[in-house]
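A short worksheet on the structure shown next.
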Amino acid sequence: VAHGPIPTDADIAHLLRCTNKPCLLIANKCDNNDISMHALEFSALGLGDPIPVSAIHRAGIFDLFHAILKKMGVDVQQDLEEMEEENQAKRKARRVAKSNLPEPEKPTKSKKLAATAAKTDKNEIPEEPAIIPEQTASRKDDDKLPEHVNVALVGKPNVGKSSILNRLLGYERVMVHDSPGTTRDAIDTDIVWKGQKVTIVDTAGLKQKNRAQDMLEKFSALQTLKSLSRSDVAVIVTDAHDGLSVQDSTIASYVLEAGKSCVVVCNKWDIHGKSGVPKNKSPREVYVEAFEQRLLRFLPKTPLIFTSAKSGTGIENMMEAVMKVFKERYKRIKTTDLNEILREARIRHPLPSQRGKRLKIKYITQTSTNIPTFVAFVNDSELVTTDFERFLENLIRERYEFAGTPIRITFKSTN
């Protein structure tokens, strides 16, 4: 705005008029009223009145948003009125439903005695704990497998994430180059894999924090983490030639912290050399050992797939593993089966105790899927040790695997 229209602006305006497309003229850097007055000079470009905005101060953004919607034919005011009417109808329906609820029946003395007599011994494990009907109904929706799978390709720079995406598509969707950092922004691509709708996000490579120099690299890393947060499955792509590094372990910790299912891919396997490999071991054995030491402690039961994006080797196996771990996120275990595991845990592992007080577990149940979550009801949650919690998780995985999927166990104290 400060320099007014320049010849290049006039050339761009001419090209836009030739397209016969709806256009909006935006005058940025209007940081105060005096500067905003100069925005009218851009009306000479023939694209209508300019909309003064200041991106750095977020001024005029709301007016710009409304102008965009108006160009799209969206009646913003009508939509707002419809939303308000809908909200009022919902509030009215809730008030009516609340007024029609019967008053709760006060328990009589005989009913209290009957309830007390029906209580089981605290040390026994009930075969099937009572579940609130509303929770049972909601579980059917939680366990339903979504029709769409969101997959994020994450890893260090220049490990072949974009090449894997291009191989899946059969054409060059994203630019590929030998120099690291070619991909700067997350790129979403929709495909259909054996009837399943999949969105694959090719993300920018994650460098170590002390090596991310400029703001663009830091912004790219932030976009990668955002893409990871909205995914169902993360595919950690590693370089077979470079081997596993500390940064691969860091990325694995990001995936675990986000609660995402995971598949680890060892890419560029076709150019893997034998330098540094002991004579009595194959390169694959050496890589698997490193994988178990560096990554499996973060990602238990995680599939490891060897691929070559250049030749297409292993790409189908990678997608099969993605679909498998995606389904594992929605696996539900019956409470009776979980309590059988609990009985086995009591036999195989002594229950922890502190100051003469021993842990007692009443029962365990699965409360949710899409990050399978289990709640164990105990006499005192402070008695639970990390070793016992890890042992119980491993015991659940022995029976039901939950491949490549994190599970969470919560211990709740009950009286």
Residue by residue through region 187-197, the couplings from Karplus 6.51 cos²θ - 1.76 cosθ + 1.60 with θ = phi - 60°, in Hz, x for Gly and Pro, are 10, 8, 9, 9, 9, 10, 10, 6, x, 9, 6
For a quick check: with amide H placed at 1.01 Å from N, whose amide H comes under 5 Å from T410's, ignoring anything fewer than 5 positions away on the same chain? F374, V375, A376
If the chain between K310 and K29 were fully stretched, how many nm would it gain, using 0.36 nm times the residue separation less the Cα-Cα distance? 96.6 nm
When DSSP beta bridges are limited to those with both residues in region 248-391, what percentage is antiparallel, rounded to the nearest 5? 75 percent
Phi to ³J(HN,Hα) by Karplus 6.51 cos²θ - 1.76 cosθ + 1.60 over region 221-237, Hz, x for Gly, Pro: 5, 5, 5, 4, 5, 5, 5, 5, 5, 9, 8, 9, 10, 10, 9, 7, 8
Length gain on complete extension for the stretch T250 to T336, per 0.36 nm per residue less the alpha carbon to alpha carbon distance? 27.2 nm
Cross-link table K70/K218; K144/K194; K21/K218; K301/K331; K71/K92, entries beyond 24 Å C-alpha to C-alpha: K70/K218; K21/K218; K71/K92
For region 218-342, state the average projected area of the convex hull of the C-alpha atoms over all orientations, rounded to one decimal in nm². 10.1 nm²
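Taking R0 as 35 Å, what's the FRET efficiency between E382 and R230 from their Cβ-Cβ distance, rounded to 0.05?
Values: r = 36 Å, r/R0 = 1.02.
My answer for the efficiency is 0.45.
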Going by average Cβ density within 10 Å per residue, which order do the peptides 405-413, 20-28 take, highest to lowest? 405-413, 20-28
Near the amide H of V237, under 5 Å away, which other amide H atoms are found, from residues 5 or more places off or on another chain, if H is placed in the peptide plane? V154, G155, V265
Less than 18 Å from a label point 7 Å out along the Cα-to-Cβ axis of M37: which backbone N atoms in region 53-70 qualify, by residue? 53
SASA check, M323, accessible area w/ 1.4 Å probe, all protein chains in place, rounded to nearest 10 Å², comes out at 20 Å²
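The values are calculated or read from the model by the stated rules, or taken from the named source; none is laboratory data. These figures come from a predicted structure and were not determined experimentally. Ideal geometry is used to build each Cβ from the backbone, glycine not excepted, and the neighbour counts take in all protein chains shown. For accessibility, only protein heavy atoms count, side chains too; no ligands or nucleic acids. Shrake-Rupley method; radii C 1.70, N 1.55, O 1.52, S 1.80 Å.
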